[in-house]
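Step one of this worksheet: look at the structure below.
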Amino acid sequence: MIDAACGVLESAPIAEGLHRLTLAAPEIAAQAAPGQFVHLLVPDGAHILRRPISLMAFDAHAGTITLGIQPKGEGTRLLCAAKPGDTLRALGPLGRGFDAKGAACVYFVGGGLGVAPVCCAMDAFATAQSRAFFGFRSAANAYGMTQAPCPVTAVTDDGTLGARALVTVPLEAAIAQRRPDVILACGPLPMLRAVRRLALAAGLPCQLSLEERMGCGVGACLGCSVKVTTPEGETYARVCRDGPVFDAREVCLDG
Ligand SMILES: Cc1cc2nc3c(=O)[nH]c(=O)nc-3n(C[C@H](O)[C@H](O)[C@H](O)COP(=O)(O)OP(=O)(O)OC[C@H]3O[C@@H](n4cnc5c(N)ncnc54)[C@H](O)[C@@H]3O)c2cc1C
Ligand code: FES
């Protein structure tokens with residue numbers, strides 16, 4: 001894990017409510033894996049807690065990491081306001097990411113902000129048989145589809161892009177046509193619950209990235225605990241250390 005001062009190379013909006021930041025972070029990029037995240041210090045120096053942001057892409061040769069950030073509260077607004085030439089402090093790469101090495105057919109599922117880490121997973125694991133399913137609120141919120149390494153089916157809540165449907169609708173139809181070797185998903189909790197149900201019912205391996213639960217981000221506060229079932233019985237895992245990616249059969253997403 002590296003704590004580095006990273007130069008901002010690019011900072012631009014890429015969709016409504018989403019900003020892309022590209023940082024010079026050679027040491028982090030060299031160790032990164034899809035599904036991992038970085039912990040960014042808010043640049044005003046007034047916020048003690050860092051903000052966890054998933055890797056949307058990384059390039060070990062160029063020494064860069066790319067992030068998709070939703071300006072939600074003060075911390076993320078200040079991060080999105082960073083300009084090329086500024087420096088941001090990033091700790092990472094953190095957490096346990098996706099793993100689909102050797103899978104011939106991967107179905108990628110992303111909802112909203114969750115599309116960002118799924119793009120990173122697609123760069124690493126997409127094959128000729130793989131497919132991706134993205135759900136957005138509206139066409140204005142859509143991103144991640146140009147230069148995708150496998151076919152993408154996008155749906156929206158309002159029907160302005162693709163069908164007016166939940167992302168699990170085309171996913172379920174695709175599973176009925178061809179069973180993937182594994183499903184990789186990230187998105188809001190209700191979407192993850194629905195993907196988990198589908199995968200378990202079909203007996204398919206599935207990995208889910210949880211982005212909604214975090215406190216300190218470094219394993220100290222237990223604020224990110226989630227219930228998991230292991231061969232030894234029920235226990236608690238930390239999203240920041242043991243995740244954010246979990247096996248769908250193990251993680252409990254109730255309530
Ligand atoms: C593993 C992981 C990956 C993430 N990846 C991304 C990403 O790629 N892009 C993105 O835009 N957002 C991502 N998030 C969510 C992002 O970290 C929060 O939106 C952000 O921390 C909110 O900070 P804020 O100051 O803007 O908002 P505020 O609401 O002002 O934050 C106040 C406090 O709550 C915490 N907080 C609020 N919401 C969240 C949340 N959903 N998760 C964790 N902490 C929260 C903040 O750390 C802060 O301490 C990710 C979260 C996790 C856990
Ligand atoms: S966020 Fe504090 S232990 Fe995971």
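Okay, here's what the table says:
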| item | result |
| --- | --- |
| HN-Hα J in Hz across the stretch 172-185 - Karplus 6.51, -1.76, 1.60, θ = phi - 60°, x for Gly and Pro | 4, 5, 5, 5, 5, 7, 8, 7, x, 6, 7, 10, 10, 9 |
| Fully extended contour minus Cα-Cα distance, from residue 193 to residue 145, at 0.36 nm per residue | 14.9 nm |
| DSSP beta bridge pairing in the chain, given as percent antiparallel to the nearest 5 | 65 percent |
| Taking the chain and dividing mean pair separation by its residue count, relative contact order in percent (alpha carbons under 8 Å, at least six apart) | 17 percent |
| Karplus-derived HN-Hα couplings along the stretch 47-59 (A = 6.51, B = -1.76, C = 1.60, θ = phi - 60°), whole Hz, x at Gly and Pro | 9, 6, 6, 6, 10, x, 9, 6, 6, 8, 6, 8, 9 |
| Amide H contacts under 5 Å for residue 248, placed H, 5+ residues apart | 206, 207, 208 |
| 9 Å beta-carbon shell around residue 43, net charge (K/R +1, D/E -1) | -1 |
| Column: log10 I(q)/I(0), Debye, Cα scatterers of the stretch 65-188, q = 0.18 Å⁻¹ | -0.99 |
| Eligible lysines near residue 72 by straight Cα distance, threshold 28 Å, same-chain separation 8 or greater | 83, 227 |
| Value of relative contact order over the stretch 107-255, rounded to a whole percent, pairs C-alpha under 8 Å and six or more apart | 19 percent |
| For the stretch 2-94, Kirkwood radius (reciprocal of mean inverse C-alpha pair distance, Å) | 12.8 Å |
| Mean separation of Cα contacts under 8 Å, 6 or more apart, over the residue count of the stretch 2-94: relative contact order % | 42 percent |
| Cα-based equivalent ellipsoid, the chain: semi-axes from gyration tensor eigenvalues, Å | 28, 22, 17 |
| Long-range HN-HN contacts of residue 157 with modeled amide H, under 5 Å | 136, 137, 138 |
| Disulfide-incompatible cysteines by the Cβ rule (no partner under 4.7 Å) in the chain | 6, 80, 105, 119, 120, 150, 186, 206, 224, 240, 252 |
| Ranked 143, 236, 107, criterion: other C-beta atoms within 10 Å, fewest first | 236, 143, 107 |
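Values quoted throughout were computed directly from the atomic coordinates according to the rules given, and no laboratory measurement underlies them. Keep in mind the model is a prediction, meaning the values are calculated, not measured. Positions of Cβ are generated from backbone atoms using ideal geometry, with glycine treated the same way; all protein chains shown enter the neighbour counts.
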